[in-house]
Amino acid sequence: MKPVLMTGHHLLLTDAIKSLTQEKFQKLFRHAPDILRARVELSFENNRLDKNSFTAKGILEVSGNDCVASATTEDMYKSIDELVRKLDRQVRRRAKIWRGKRKDAIAA
């Protein structure tokens, strides 16, 4: 089980949030074992005009270009789910491109 480095801005990171984030990111580690480290920044903003907004920013450090994404919603758990979905799409797209390049190299 690889660790996920978490920080919170204007937000107390409870055990429930930590365990949920760790659990969600383990899915990414299973899909791409070449991930070196995952960093997550969870923040809370209270705007006068809008409702409360929670932002989840994530960085997956891999060999080559890092995968970076963020998600903002009115619910922290929803933000974490959207962040993981976005990062998962990036990891899958990266693996697909890499497989395509590998097949082209073998065919040549």
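Which residue, chosen from ALA71, ALA38, ILE17, occupies the Cα position most advanced towards the positive end of the dipole of the chain, where the dipole is computed from +1 (Lys, Arg) and -1 (Asp, Glu) charges on Cβ about the Cα centre? Most positive-ward Cα: ALA38.
Result for the chain in a Gaussian network model with C-alpha springs under 10 Å: among SER53, SER63, SER79, the largest mean-square fluctuation is at SER63.
Ordering THR21, THR72, THR14 from largest to smallest accessible area (1.4 angstrom probe), what's the sequence? Spell out each step's value before the answer.
Working: THR21 0, THR72 85, THR14 60 Å².
Descending accessible area places them as THR72, THR14, THR21.
The portion of the accessible surface of the chain made up by carbon and sulfur, rounded to a whole percent, is 52 (1.4 Å probe; DNA, RNA and ligands excluded).
So for GLU61, GLU45, GLU74, GLU82, what's the accessible-area order with a 1.4 Å probe, most first?
Details: GLU61 35, GLU45 90, GLU74 120, GLU82 60 Å².
Largest accessible area first, the residues go GLU74, GLU45, GLU82, GLU61.
How much length, in nm to one decimal, is gained on full extension between LEU12 and ASN46, taken as 0.36 nm per residue of separation minus their Cα-Cα distance?
10.8 nm
Accessible surface calculations at 1.4 Å, restricted to protein heavy atoms, place the chain at 68 Å² per residue. Placing one equal scatterer on every Cα of the stretch 33-78 and applying the Debye formula, the log10 ratio I(q)/I(0) at q = 0.13, 0.21, 0.24, 0.27 Å⁻¹ is -0.38, -0.70, -0.80, -0.91. Accessible surface comparison of MET1, MET76, MET6, probe 1.4 Å, protein chains only, largest first: the order is MET1, MET6, MET76. Note on LYS2: accessible area is roughly 70 Å² with a 1.4 Å probe, heavy atoms of protein only.
Of all DSSP beta bridges confined to the stretch 1-82, the antiparallel ones make up roughly 75%.
Charge dipole of the chain (Cα centre as origin; +1 on each Lys and Arg Cβ, -1 on each Asp and Glu Cβ, all else neutral): 700 debye, rounded to the nearest 20.
The values are calculated or read from the model by the stated rules, or taken from the named source; none is laboratory data. Since we're looking at a predicted model, the values are computed, not measured. We place every Cβ from the backbone using ideal geometry, glycine too, and count neighbours over all the protein chains shown. The accessibility values were calculated without ligands, DNA or RNA, using every heavy atom of the protein model including side chains. Shrake-Rupley method; radii C 1.70, N 1.55, O 1.52, S 1.80 Å.
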